[in-house]
1. Can residue 101 be described as assigned by TED's automatic domain parsing to the domain that holds residue 54 and touching a strand residue (DSSP E or B) at 6+ places or on another chain (Cβ under 9 Å)?
2. What are the residues in the stretch 85-109 that are in contact (Cβ under 8 Å) with a residue 12 or more places away in the chain and farther than 24 Å from residue 54 by Cβ, if any?
3. Would you say residue 78 is closer than 21 Å to residue 229 by Cβ, touching a residue at least 12 places away in the same chain (Cβ under 8 Å) and not in a loop (DSSP other than H, G, I, E, B)?
4. For the stretch 1-35, what are the residues that are over 21 Å from residue 62 (Cβ atoms) and either surrounded by 12 or more Cβ atoms within 10 Å (Cβ to Cβ) or at pLDDT 65 or above (or both)?
5. Before we move on, is residue 121 within 25 Å of residue 74 (Cβ to Cβ) and in the same structural domain as residue 147 (by TED's automatic domain parsing)?
6. Consider residue 163 against the criteria (1) surrounded by 10 or more Cβ atoms within 10 Å (Cβ to Cβ); (2) under 30 Å from residue 90 (Cα atoms); (3) without any contact (Cβ under 8 Å) to a residue 24 or more places away in the chain: it satisfies all of them except one. Which criterion is unmet?
7. Among the listed residues 71, 123, which satisfies the condition of being surrounded by 12 or more Cβ atoms within 10 Å (Cβ to Cβ), modelled with pLDDT under 90, touching a helix residue (DSSP H, G or I) at 6+ places or on another chain (Cβ under 9 Å) and part of a loop (DSSP other than H, G, I, E, B)?
8. Is it true that residue 39 is within 18 Å of the chain's Cα centre (by Cα), touching a residue at least 12 places away in the same chain (Cβ under 8 Å), within 21 Å of residue 132 (Cα to Cα) and surrounded by 12 or more Cβ atoms within 10 Å (Cβ to Cβ)?
């Protein structure tokens, strides 16, 4: 029984069904990704688990084979195709030193956009997805037909950890102004080319070259490439 004047809000059955379906998807992909999708960040910082590193693992082939557990026919084939195409498009966008065949890349973006609008009419595309599918070709064309990986903010965000460490332990604590001024001095000193030349160079344990640690292009054979790897190399002009 409830007291007079007190309203009780009962959960919507449809909402409970959607939450249960979301938990099922999170449990299926957690076995491969190592953490749950769209969950609270467990590292102590604000935000969710939707990060760039998680997205790279999500669009890999290991997750593509799990789609049959959550998607039923006749949509399974279309979802797997979109999963593959988004993997290729994002890898092309994040590339840095490769020339891109704009005809092939533009056709891939247009085909993916049309597939979404044709087979998933109930989906509301976010502005970010629209920019990627509709305007990525124009952006890469203005960048001399090369990827825009050099515009990534990963390096800038990686400095946040260094700045927090400097402000706590290695800067003046007399006032906020003195703290920030001392911080800028130390960051300028850290970016000096002479000091930067003493930075430890991380080399690949397989071939000994620097610039990569995983997916060594010399060690890995052509037969071990995935479907998305073959599509990416086909779009790169300088790899032909």
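1. On the way: assigned by TED's automatic domain parsing to the domain that holds residue 54: yes; touching a strand residue (DSSP E or B) at 6+ places or on another chain (Cβ under 9 Å): yes.
Criteria met by residue 101.
2. First, the residues of the stretch 85-109 that are in contact (Cβ under 8 Å) with a residue 12 or more places away in the chain: 85-102, 104-106, 108-109.
Listed by number, the residues that qualify are 97, 98, 99, 100, 101, 102, 104, 105, 106.
3. Details: closer than 21 Å to residue 229 by Cβ: no; touching a residue at least 12 places away in the same chain (Cβ under 8 Å): yes; not in a loop (DSSP other than H, G, I, E, B): yes.
Here the answer is no, as residue 78 does not meet what is asked.
4. Here is the first cut: in the stretch 1-35, the residues over 21 Å from residue 62 (Cβ atoms) are 1-21.
Of everything in the stretch 1-35, those that are over 21 Å from residue 62 (Cβ atoms) and either surrounded by 12 or more Cβ atoms within 10 Å (Cβ to Cβ) or at pLDDT 65 or above (or both) turn out to be 12, 13, 14, 15, 16, 17, 18, 19, 20, 21.
5. Values: within 25 Å of residue 74 (Cβ to Cβ): yes; in the same structural domain as residue 147 (by TED's automatic domain parsing): yes.
When the stated conditions are applied, residue 121 passes them.
6. Residue 163 satisfies all of (1) surrounded by 10 or more Cβ atoms within 10 Å (Cβ to Cβ); (2) under 30 Å from residue 90 (Cα atoms); (3) without any contact (Cβ under 8 Å) to a residue 24 or more places away in the chain except (3).
7. On the way: 123 fails: surrounded by 12 or more Cβ atoms within 10 Å (Cβ to Cβ).
It is 71.
8. no
The values are calculated or read from the model by the stated rules, or taken from the named source; none is laboratory data. What you see is a predicted model; the values in this text were computed from it and never measured. No Cβ is skipped: glycine too gets one built from the backbone with ideal geometry, and neighbour counts run over all protein chains shown.
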